[in-house]
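Notes for the one structure printed next.
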Amino acid sequence: MKVCTGIVALMLTTLMVKADDVVELTESNFDDLVISSGKNSLVKFYAPWCGHCKKLAPVYEELAGEYKDSGSVQIGHIDCTVHQGICTKYGVTGYPTLKYFKDGDSEGTAYQSGRDLVSLKKFVEDELEISCLVSEIASCTEKEQNYFNKWNEKGKDKMASELERLQKMTSKQMKNDLKQWLFARINILKQATA
């Protein structure tokens, strides 16, 4: 009996941790976290009583766990029974509704593909994730290549210090293009110091 109780407690803890990976959006933080953050966002508009929302929840939580440390993507959700104003603003009439917000887009675009983990992850990788990989630096933009080369010459210790400095800047207000460049640099330095 104690073993079963322990297993159930472990499973619940795992689920709670995954649920915490989904960014909790509200009317007061939506614009800052989704529109002005410099990150691309996938947002689930849901109602807690909705059966389809409950079915999607574990898949969505697992997806959020995959991207919780991403410098370019965030996976969020908003409860439309509590934050009706935002849901009305974005034309949500059924649950769950998935929309993605890219490059400071304030309108959002309806996500129309599969709702299984493989489909969602492929969409995020292909459409939302900033994809400069230092292991394939030639595929990065010239600006990203120059940035990487500059810091690569300085060594990992200096890169780690610069990464720490940039991470402190993520909560500051700045134009979307500057915020995106900030996250692109963070992404490059994270890879280079790993």
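Just so it is clear, none of the values below were taken in a lab; they were calculated from the coordinates. Note that the coordinates shown come from a computational prediction; the quantities given were computed from them, not determined experimentally. Note that each Cβ is placed from the backbone with ideal geometry, even for glycine, and that neighbours are counted across all protein chains shown.
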**Farthest toward positive dipole pole in the stretch 134-193 [+1 Lys/Arg, -1 Asp/Glu at C-beta], among Trp151, Met169, Leu189** = Met169
**Prompt:** What ratio of Cα Rg to 2.2 N^0.38 Å holds for the stretch 134-193?
**Reply:** 1.09
**Item:** Rounded, prolate or oblate (a/c below 1.5 giving rounded, otherwise prolate when a/b exceeds b/c) for the stretch 96-140 by Cα gyration tensor
**Value:** oblate
**Complete:** Out of Phe45, Ala64, Cys80 - ranked by how far each Cα lies towards the positive end of the dipole of the chain, with unit charges on the beta-carbon of charged residues - the top one is Ala64
**Asked** Can you give the helix-only mean residue ellipticity at 222 nm for the chain, where every DSSP H stretch with n ≥ 4 adds -39500 (n - 2.57) and the sum goes over all residues, rounded to the nearest 500 deg cm²/dmol?
**Response** -15500 deg cm²/dmol
**Asked** Can you list the lysines whose alpha carbon sits under 29 Å from that of Lys154, skipping same-chain ones fewer than 8 residues off?
**Response** Lys39, Lys68, Lys143, Lys168, Lys172, Lys175, Lys179, Lys190
**Calculated Rg and Dmax of the Cα atoms in Å (choose from [x] 20.9, 66; [y] 18.0, 54; [z] 18.6, 61), label** = [z]
